[in-house]
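Just below is one structure, and these are the notes that go with it.
The values are calculated or read from the model by the stated rules, or taken from the named source; none is laboratory data. For clarity, every value in this text was computed on a predicted model and none was experimentally measured. Positions of Cβ are generated from backbone atoms using ideal geometry, with glycine treated the same way; all protein chains shown enter the neighbour counts. With ligands, DNA and RNA removed, areas are computed over all heavy atoms of the protein, side chains included. Shrake-Rupley method; radii C 1.70, N 1.55, O 1.52, S 1.80 Å.
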Amino acid sequence: MEVIHTKGIWMAEYLQQQTKNLEQFWLTITHFGDPQVGFLFVFPLTYFVCNRLGVAVLWVSALSEWLNLMLKWVLFGERPFWWVGECQLFVNTKPNISQFPCTCETGPGSPSGHSMVTAAVWWVVVPPLSSFLHSHTHCWVISAAPYLIYGLLLGAVGISRIFILAHFPHQVVTGIIAGIFLGIFLVRKVPEGRPLLFFVSFSAGMLFSALILNAGLQLVGIDLFWTVALAKKWCSRADWIRLDTVPLSSLARDCGTLLGLGMAQYWKQGGLSFNHRALSLAVSSVGLYLMYILPFPDKSQGLFYCLVFVKFTLVPLIVMVVSPGLVHVFTRKMKKD
């Protein structure tokens, strides 16, 4: 692995030197590849176009991120920004590389979560969009455009992760491949119309299986949080270390989302017109943005994870229940006036 990691460091150095003028572009792309984008952006956008498609996006977002966490805990992948300091291979010829505010993630590096979740989530959208374009244009060039954009997006997200020293190239490639296969498989298993008990059980199962894996590995002497200490040691700035990159944060996000999805499907509004859908999308976008920028106290990690769980439990409820309900009440009141 030393050879692969070393070549990955030199590739990151080459990218940073040759595309330095595109730094802001790569930072924007890496933010767009954040797994939270699937929950907070792709889900509401697709849900108000097609309810089943939106549920599929949320389902795939949660499961692909959870599976990525399990793989990371098992594969123990290094991250470039700390490996280059730990390996002691660059004593005489140190690479000229820089860190960025989004570099210092605290979980293991393999496979890339940004690449894996992005590949899985957007695969849910691409085939239906391609079919829609083909049915309306009967032009294979236009219908192939979503697949081309999909490939360019995955390539850009992967390069951005290498550029900021968050991942090695092989971690990006494995993340993309795993994400595509997950997207193809999970989109066939969308739990639309399932009872609330199904989602409660599934969410609890995900949580307890992760905690059991954690406890089991600790019993054999493996500390799953070894990466947090390395991230703190080698990150250029202490304030770049964020609790929302700790693996338990993504676990809380995924479990909360599935619980919220079950509750939302139980109470969701049905039969919305086009105007109601457009207004509901606008209202839910405002609500989700306010939730996204809401700061959480990070003094207590337990409290932080609980708040993340509650926050993402509310995401499906805001989109599927609260926003359409508010629009319905508002429009009914306008008609009466």
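The angle between the Cα long axis of helix 274-293 and the main principal axis of the chain comes to about 40°, on a 0 to 90 degree scale.
Report summary: the helix-based calculation at 222 nm, which adds -39500 (n - 2.57) for every DSSP H run with n ≥ 4 and divides by the residues of the chain, gives -23500 deg cm²/dmol. Listed as lacking a disulfide-compatible partner in the chain: Cys50, Cys87, Cys102, Cys139, Cys255, Cys306, by the criterion of no other cysteine Cβ under 4.7 Å. A 1.4 Å probe run over the protein chains yields, for the stretch 199-261, 45 Å² of accessible area per residue, whole-number rounding.
Of the peptides 129-138, 323-332, the order by per-residue mean of other Cβ atoms within 10 Å, starting with the highest, comes out as 323-332, 129-138. Roughly how tilted is helix 323-336, in degrees to the nearest 10 and between 0 and 90, from the longest Cα axis of the chain? For helix 323-336, the angle is close to 30 degrees.
Against the main long axis of the alpha-carbon atoms of the chain, helix 23-32 sits at an angle near 50°. Shape class for the stretch 195-322: oblate, because the ratio a/c of the largest to smallest gyration tensor axis (alpha-carbon atoms, square roots of eigenvalues) is 1.5 or more and b/c is at least a/b.
Projecting the Cα positions of His138, Leu71, Ile159 onto the charge dipole of the chain (unit charges on Cβ atoms of Lys, Arg, Asp and Glu, taken about the Cα centre) puts His138 furthest along the positive direction.
Taking His276, His114 and ordering them by how much accessible surface each has at a 1.4 Å probe, largest first, produces His276, His114. Between the stretch 95-128 and the stretch 141-192, the alpha-carbon centres lie 9 Å apart.
Beyond 31 Å in Cα-Cα separation lie the following of the pairs Lys20/Lys311; Lys268/Lys333; Lys72/Lys299; Lys233/Lys299: Lys20/Lys311. What is the percent carbon and sulfur in the accessible area of the chain, measuring with a 1.4 Å probe over the protein chains and ignoring ligands? Result for the chain: 68 percent of the exposed heavy-atom area is carbon or sulfur.
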